[in-house]
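Read-outs: derived from the displayed coordinates by stated rules, not from any lab. From a predicted model like this one, the values you see are computed outputs, not experimental measurements. As a convention, Cβ positions derive from the backbone with ideal geometry for all residues, glycine included, and neighbour counts pool all protein chains shown.
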Amino acid sequence: MDFKKGRINTGYFFLGLFAIFIGLYPLHFIGLPYEQGLLGSKSDTLLNSSLYLTAFYTHIFLGGLALISGFSQFYKKLRKKRLALHRVLGKIYIGCVFLSGTAGLAIAFFATGGLVPALGFAGLAILWLYTTYNAYTSIKKREIADHQRWMIRSYSLCFAAVTLRIYLPLFLGVMHMEFVPAYKIIAWLAWVPNLIVAEVFIVRKLS
């Protein structure tokens with residue numbers, strides 16, 4: 001029993017560590033020239049578009065906040081002892097997802113690499129919005145079990161921000177792939193396995 005509890009606590013620790021680190025990562029790009037940041041591969045047309053830049057920064061900054069506020073939702077002690085805080089963080093998460101996800105969907109079709117990564121990131125954004133919406137509506141109906149299931153799915157998609165940044169150095173640095181071919185794969189690999197793992201967890205633990 002102690003070993004199982006220790007394994008769970010270790011999992012939560014690394015979940016929180018990655019969530020905070022990647023959630024705060026967008027702050028690194030404040031004031032950074034475009035060519036040194038995530039926008040380095042974009043065309044001058046996009047870089048001169050205030051609509052695109054607004055959507056881009058809305059996506060990364062609020063996505064980071066969703067990542068940070070979301071992981072705390074899985075702590076049972078927080079739900080039991082700090083229910084009001086749990087609800088506040090939940091509202092922050094949901095608000096951030098709807099804004100970040102909508103912005104992410106808008107910029108997905110300008111993804112570097114063409115149609116394949118564009119569809120990958122668009123699919124991620126749509127499912128992130130869909131699962132979060134269902135998490136919200138289920139808790140409004142006080143369907144706690146359904147709310148938990150949908151939140152697990154939602155956060156597994158949110159966690160794509162972490163897995164994407166794990167895969168990029170592996171593909172580029174370890175496997176020595178060119179950026180565009182690697183990006184086409186990672187646009188799907190960053191979130192599809194996450195969702196599969198979430199479904200397996202739901203079946204084993206919550207069904």
How many lysine pairs does the chain hold where the Cα atoms are under 15 Å apart and the two sit 8 or more places apart or on different chains? 6
Could you put Ile202, Ile196 in order, starting from the residue whose Cβ has the fewest other Cβ atoms within 10 Å? Ile196, Ile202
For Arg82, Arg153, Arg142, what ranking results if the residue with the fewest other Cβ atoms within 10 Å of its Cβ goes first? Arg142, Arg82, Arg153
Spin-label pair Ala145/Val174, simplified geometry with 7 Å Cα→Cβ offset, distance in nm: 3.9
Using +1 on the beta carbon of Lys and Arg, -1 on that of Asp and Glu, and nothing else charged, what's the dipole of segment 121-194 about the Cα centre, debye to 20? 260
Residue-averaged [θ]222 nm for the chain, counting only DSSP H segments that reach four residues, each worth -39500 (n - 2.57): -24500 deg cm²/dmol
Charge tally in the Cβ shell below 10 Å around His147, where Lys, Arg are +1 and Asp, Glu are -1, His147 excluded: +2
Got a sec to turn the phi values of segment 112-127 into Karplus ³J(HN,Hα) couplings, 6.51 cos²θ - 1.76 cosθ + 1.60 with θ = phi - 60°, whole Hz, x for Gly and Pro? 5, x, x, 5, 4, x, 4, 5, x, 6, 5, x, 4, 4, 5, 5
Among Ser138, Trp188, Trp128, whose Cα lies farthest out toward the positive end of the dipole of segment 122-196, if unit charges sit on the beta carbon of Lys, Arg (+1) and Asp, Glu (-1)? Ser138
